[in-house]
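Participant: Shown below is the structure under consideration.
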C-alpha cells in the first residue's frame, strides 16, 4: 500500500501500467472517472443518512416492544423496566430470532459488521447481496433492542456498505470502483450515526479501503460530508457527548498520566480482544448448530442485566454520564466487569452488533478508575482520554480514535493528551497481538490483511535504474545465415529476447531463439537468406526509461511476458532490456535499507579535529 509521500514522482494515470505507451509522471494516480464516482458516492451518502435514522428508530422500537410493551421508536434504555426476573428471557428471545434469520436468511448478518464489510471487499469483489441490506439492520435492531450490549455503528457500516454496493452493481464499474462506493456507504452510515464525518473517512481508509488515493478518498469523503449535512436535518447537530471545558495545557505530570492511561488502555484492549475470541473458540466446540449459539449468549446478557441493568443496550446515556464525571464507583465496576463479560460472550456467540459503543463505555469506565489517582484535570477528562486510547489500541487506528473522540465531544483542548494516550495504546497492542479485534475474524477465514502504509519500491524506481545494457543486439540489415552458428553456439546463454536495431540504433523489433528455429523449420534455406529485419516481431511490448517499475510490472502481468525492450519514446533508440529478475533489484534495495545498520557519525565528530578523522574512516555497518 502506497502512502502520499514519495521520494520520486508517480504515474498520474490509473491505466499507465496497462496502456503500453509512455505517460507523463505526476504525484497521484487518478482520472476523470473520479468525478462520476464522486457523484454516485454523494447520493449514497445522502441515502445512508436515512438508513442510519431508520436503524436508530428500529432499535428504539424493539427496545420499547421488548421491555415496555409499547409501540414507540424513541430511544430508551432497558434500565427501569418492570419485568423483574422475566427480563432474563428477553435477550434469549431476541437471540433466537437472530439465529433463525442468520440460518435461513443470510449468515452474513452475524458479527460486528466491519469484518463482514472487509470480507465483502476481499472475497466477493465488493458485491453484497441485497437481502443483507434488509436483514442486517433488522437483526441488529432486534439484538440491541432485546438488551444486547452493542453499538449501532458496526451494523450501520455494514448496512450502508450493502446499499453502496447494490447501487454500484447497477452500473458498469470495476471492482475497485465498487469498493469505493461500498466504502462510501459505510462512511456515510457512520458519519450520520455519530455526527463524525472526518473520523468516518479515516476509519474507511484505515479499515476498508486499504489505500490512500484520490480516486477513492475523494468520493468517500464527499459521501461522508453529505451524510453529515443530511443528518443535521434528521437527527440534529453534534456533539453526541458534550463535555465540560478541559484545560488547554495539562503540564508534564498530566502528559505522564496520559502515557499511563495509554498503557493501561493497551492492556485492556488486548484482554478485550482475547476474551472475544476465547468465547468464540468455546462456542466452536459446542456440539450444537451455530444457530443456537446466540441464545446462549442471550442467557449471559439476561443474567448480566439482572446484576447490572446499565450494561444492557447501546449505553449512550452511561457514556455521557462517564464523560460528565457523574457516575459512582459501583457503576464504573459494573461496566468494566459485567459489560465486558456479557459483551465478550454474546459477541463470541455470533450475534449481530457493533463494537465501538461498548469500547467507548468500557474505556470510559477505565478512565473513571484512573481519575481516582491521577491529577485532577477536570470532570470527565480521564474517561475521555481512556476512551480514545481504547479505540486506538483495540481497532489499531490511532488517528481515527483521536478525531473520533474530538467529534463526539467537540473538545479541541484534548488533542495532545489523546495523541499520547492513543499512540501508546496502539504501540502496546501492535507489539503484543498480531491482529486487531476487527481483522482477526477475517484472518480466521483464511485471509491475510496488512495495514502498514508504505511506498512500494516499484513505485519510486525507474526503468533506467535497473535495465540491462550489456546485451546482445542484432542488426536488422544482416541475413539470418550470418548469425545462425553464433546463435546456436550461445543457445545456453540467459538472454532469450534478442532486440533488432537498424543502422542508426533505432529499435525495429525483437526475435527469440524459438522464433528463429520455427522459421527455419517452416521455410528451410529461404529463411536463412532473409534479413533479421524481415523476421522480427514488430508488435513487441516496450518499456520506457522514465517509467516507474510499477507500470512495467502491470504491463508484464497484462501481456503475460517476463522481458521487454527499453526504448527512448521520441527517437525510438534502443537502450536496453528489462526482465522480471531485474525488478527484484528494487526489492533488494528496499531490504538493504530495512536491514543494513551503520554508524554514520561518531562522538569524535564533535571534538576538535574529529571531522577529518571521521571522513577518513568508513562507517561501520552491521
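We did not get these values from a lab; they are worked out from the coordinates using the rules stated. Since the structure is predicted, the reported quantities are computational estimates derived from the model, not experimental observations. Methodologically, a virtual Cβ is constructed for each residue, glycine included, from the backbone with ideal geometry; neighbour enumeration extends over all protein chains shown.
Participant: For 249, 404, 308, 507, what's the fewest-to-most ordering of other Cβ within 10 Å of each Cβ?
Facilitator: With the fewest neighbours first, 249, 404, 308, 507 line up as 249, 308, 507, 404.
Participant: Divide the volume of the convex hull of the Cα atoms of the stretch 324-457 by its number of residues and quote the answer in cubic angstrom per residue.
Facilitator: So the per-residue hull volume is 137 Å³.
Participant: Work out, in µm²/s and without decimals, the Stokes-Einstein translational diffusion coefficient of the stretch 230-325 at 20 °C, 1.002 mPa s, Rh from Kirkwood over C-alpha pairs.
Facilitator: Rounded, D is 120 µm²/s.
Participant: Ok, one more. To the nearest whole percent, what portion of all C-alpha pairs in the stretch 246-380 is separated by more than 25 angstrom?
Facilitator: Result: 32 percent of Cα pairs exceed 25 Å.
Participant: Could I ask something else about it? Evaluate the relative contact order of the chain (contact order divided by residue number), counting alpha-carbon pairs under 8 angstrom at least 6 apart; express in whole percent.
Facilitator: Answer for the chain is 16 percent.
Participant: Which of 395, 190 comes first, and how do the rest follow, when ranked by fewest Cβ neighbours within 10 Å?
Facilitator: 395, 190
Participant: What ranking do 284-291, 62-69, 106-113 get when scored by the average of other Cβ atoms within 10 Å per residue, highest first?
Facilitator: 106-113, 62-69, 284-291
Participant: Over the stretch 547-603, what lengths in whole Å, largest first, do the semi-axes of the equivalent ellipsoid take, defined as the square roots of 5 times the eigenvalues of the alpha-carbon gyration tensor?
Facilitator: After diagonalising the Cα gyration tensor, the semi-axes are 32, 15, 9 Å.
Participant: In nm, give the distance between the simple-model label positions of residue 453 and residue 104, each being 7 Å from the Cα along the Cα-to-Cβ direction.
Facilitator: Once both label points are built, they end up 4.6 nm from each other.
Participant: Relative contact order of the stretch 511-566: what whole-number percent is it, with Cα pairs under 8 angstrom and at least 6 residues apart?
Facilitator: Value for the stretch 511-566: 32 percent.
Participant: Could you work out the relative contact order of the stretch 462-595? I mean the mean sequence separation of Cα pairs under 8 Å and 6+ apart, divided by the number of residues, in percent.
Facilitator: 31
Participant: Here's something else I'd like to know. Under the Kirkwood approximation for Rh and a Cα-based Rg, what ratio Rg/Rh is obtained for the stretch 462-595?
Facilitator: Using Cα coordinates only, the ratio equals 1.02.
Participant: Using the 10 angstrom Cβ neighbour count as an exposure proxy, how do 213, 441, 559 rank, fewest first?
Facilitator: Ranked by crowding around the Cβ, least crowded first: 559, 213, 441.
Participant: Where does each of 83-92, 355-364 land if you order them by average Cβ count within 10 Å, highest first?
Facilitator: Answer by packing, highest mean first, reads 355-364, 83-92.
Participant: Next question, about the same structure. With each pseudo-label sitting 7 Å past Cα toward Cβ, what's the residue 503-residue 581 distance in nm, one decimal?
Facilitator: Reported label-point gap for residue 503 and residue 581 is 3.6 nm.
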